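The values are calculated or read from the model by the stated rules, or taken from the named source; none is laboratory data. Everything numeric here is computed off the predicted structure, so don't read it as measured data. So basically every Cβ, Gly included, is an ideal-geometry build from the backbone, and we count neighbours across all protein chains shown. Heavy atoms of the whole protein, side chains included, go into the accessibility calculation; ligands, DNA and RNA do not. Shrake-Rupley method; radii C 1.70, N 1.55, O 1.52, S 1.80 Å.
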Amino acid sequence: NTPQSDVIPTLQGKEKARVLEMAACSLGYGFALTTVKKIADKASTSSCNGSAIRIKSNGGSIIRAKPLYFPPFSSTPNNGSIVRKVRRVSCHGVSTNPPYTTQYEFHDGSSDVELRLLLKGIGVLSSKEIHVDADGSSLVVQIRRLGSISTLMETKQLYGVIKPGETIWYLDDDQLVINLRKQDPELKWPDIVETWESLSSGVMQLLKGTSVYLVGDSSEINKKVAQELAVGLSYTPLYTQDLLEMFAKRSIESWVAAEGPDSVAEAEQSVLESLSSHVRAVVATLGGQHGAAGRADKWRHLYAGFTVWLSESEAADEDSAKEEAKKQVNDGSLAYSKADVVVKFGGWDANHAKDVAQASLSALKQLILSDKKLPGKKSLYIRLGCRGDWPNIKPPGWDPSSGTDASPATL
């Protein structure tokens, strides 16, 4: 006669794993549950400030801070190189001439990348008409003649950071060849810029199988973005809400009404404990205070993966959104501030879930590149039993319940 919702927290070991596996199978997990629908020709204007961006679209606005992200190009692989059709894309300024439709080829080398812009039909007569400006993570390619300026390519989000002082370019028949020296020779560039395809491929390699957990106030937003991320990363999508409702045979709302939010949070924590040993999964957690992620004392097993805080912003502009994110993280009053990265957005529209997912990938890329040992450290944290000692992992033998260290050293 034990209430259904009281069962999950009491299940242990193989029994709990079996129940979760049965629920997952019945829900069809292990397969991509949605087909990504491409969002075509969104009417938008953008403003770039180097650390945050606000995109005004037909459906409202999305404010994203940490990191800056703007998806300018589409991509398809072609025999080891990459060939693109691109239109001029600019975060600021308008050229006096109409934008060109251009093709480019891209090749990733060991220490540099090569970009070949096809100039056939554009009528470039001399290298004096070409202007190339490369700086850190930005690139501008323009044709300047007869007092007019036409932009062939402009992006403020190259896939990686370059050494601008070592940029070389020259004309080769009807191609403009640009050689960019990598700041990090070990980083593989799937494309010249950050796109959905390049980020999906690149971040999947950087994660090395580490799972991703999405936290925030909205279960619906967490789930929608998780669906997109799972498709991009070729990961398994898992939704704690569906697992809990399948097992308890009632909705989360009725569960909270009958037994209170604490019961639901405890049950989700047990689910997260079972999922913490899983690899290559994108886990959408419950939103709100009835979710485990909304409580600072229940993050022990969330630390097993990379956590992304999806946060709706009340800011009116980019700078305000960035300051809002910094204040929330530094303040630490919200449990979500424990997340590894923060993605800010406003005016939520489910049609823009892929945009938020792409910003999440960009943030994860920057995080891991700042410390390439993080995936291995997450793996060690799991092997030691997810004891809650993240990020300062204590040596084996440390007892989290004692409140004292087995050794003053950390791993």
What is the spin-label model distance, in nm, from MET246 to SER218 if the labels are put 7 Å beyond Cα along the C-beta direction?
2.5 nm
Those aspartates and glutamates that a straight Cα-Cα span of less than 13 Å connects to LYS249, excepting residues fewer than 8 apart in one chain
ASP6
Rank by packing, highest mean first: peptides 159-167, 284-292, 239-247, with packing defined as the count of other Cβ atoms within 10 Å averaged across residues.
284-292, 239-247, 159-167
Residue by residue through the range 281-289, which ³J(HN,Hα) values in whole Hz follow from phi under the Karplus form 6.51 cos²θ - 1.76 cosθ + 1.60 (θ = phi - 60°), with glycine and proline marked x?
10, 10, 10, 8, 8, 5, x, x, 6
In the range 196-384, if the dipole is taken from +1 on Lys/Arg beta carbons and -1 on Asp/Glu beta carbons about the Cα centre, which of LEU310, ASN351, VAL341 is farthest to the positive end?
VAL341
Checking the a/c ratio against 1.5 first, then a/b against b/c, what shape does the Cα gyration tensor give for the range 172-289?
prolate
Please get the size of the charge dipole for the range 196-384, origin at its Cα centre, with Cβ charges of +1 on Lys and Arg and -1 on Asp and Glu, quoted in debye to the nearest 20.
1060 debye
The extension gain from ASN330 to GLU186, computed as 0.36 nm times the residue separation minus the Cα-Cα distance, is 48.6 nm
Give the carbon-plus-sulfur fraction of the accessible surface of the range 213-308 in %, rounded to a whole number; probe 1.4 Å, heavy atoms of protein chains only.
47 percent
Distance between modelled label sites at ASP173 and VAL279, nm, 7 Å Cα→Cβ extension
4.6 nm
Using a 7 Å offset from the Cα along the Cα-to-Cβ direction at both SER254 and LEU380, what is the distance between the two label points in nm, to one decimal?
4.7 nm
Checking the table LYS223/LYS298; LYS298/LYS377; LYS208/LYS327; LYS373/LYS394 against a 22 Å threshold on Cα-Cα, which pairs fail?
LYS208/LYS327
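Packing-wise, with mean Cβ within 10 Å as the measure, how do 311-317, 187-193, 372-378 rank, highest first? The partial results should precede the final answer.
Numbers: 311-317: 16.9, 187-193: 21.9, 372-378: 15.3.
So the order, starting with the most tightly packed, is 187-193, 311-317, 372-378.
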Projecting each Cα onto the charge dipole of the range 196-384 (Lys/Arg +1, Asp/Glu -1 at the beta carbon, about the Cα centre), which of VAL225, ALA248, LEU364 comes out farthest on the positive side?
LEU364
Cut-off under 16 Å on the C-alpha distance; same-chain residues fewer than 8 positions from LYS338 excluded. Which aspartates and glutamates are left, in chain and number order?
ASP217, ASP297, GLU324, ASP389
Provide the FRET efficiency to the nearest 0.05 for the GLU129-GLU166 pair, computing r from the beta carbons and using R0 = 30 Å.
0.80
Please work out the FRET efficiency for the pair SER111 and ASP399, using the Cβ-Cβ distance as r and a Förster radius of 51 Å; give the result to the nearest 0.05.
0.60
Given 0.36 nm per residue, what is the gain on full extension from SER234 to ASP262 after removing their alpha carbon distance, in nm?
6.7 nm
Find how much the distance from SER370 to SER148 grows on full extension, using 0.36 nm per residue of separation minus their present alpha carbon separation; answer in nm with one decimal.
75.8 nm
